[in-house]
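Please read the structure below before turning to the comments.
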Amino acid sequence: ETELPLLIVRKSVKDYGTKSRFVGDLKPEDRLVMLEDVTTSGGSVRDAIEVVRETGASVKYVITVVDREEGAGERLKEAEVELVPLVSASDLLK
């Protein structure tokens with residue numbers, strides 16, 4: 001256990017429970033690193049970044065296990081976020 005705070009950003013608000021896009025606490029002064037299993041175009045994570053930024057919190061990095069190299073890096077760069085892949089599709093095809 002790292003004792004670091006965890007925040008989960010839902011794709012949409014649920015009709016039950018807290019009716020929030022977030023699971024966990026998010027404060028305006030928070031600085032986040034987002035984690036993804038696979039990035040393709042970056043659309044989903046870019047949407048999550050915008051939801052987080054609406055609260056005043058910031059995101060500078062997205063770490064992904066696999067980057068499929070289909071535009072996520074460029075899309076996140078436009079949002080001033082750096083994509084950090086652990087492995088890329090081209091690495092897997094070598």
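Values quoted throughout were computed directly from the atomic coordinates according to the rules given, and no laboratory measurement underlies them. On a predicted model such as this, the values are computed, not experimentally measured, just so you know. Ideal geometry is used to build each Cβ from the backbone, glycine not excepted, and the neighbour counts take in all protein chains shown.
General remarks:
- Extreme residue, surrounded by the fewest Cβ atoms within 10 Å (Cβ to Cβ), among residues of segment 39-89 that are assigned to a helix (DSSP H, G or I) and acidic (D, E): E78
- Condition met for E36 (surrounded by 12 or more Cβ atoms within 10 Å (Cβ to Cβ) and over 15 Å from the mean Cα position of the chain (by Cα)): no
- Condition check for L6: free of Cβ contacts under 8 Å to residues at least 24 places away in the same chain, part of a strand (DSSP E or B) and not β-branched (V, I, T): no
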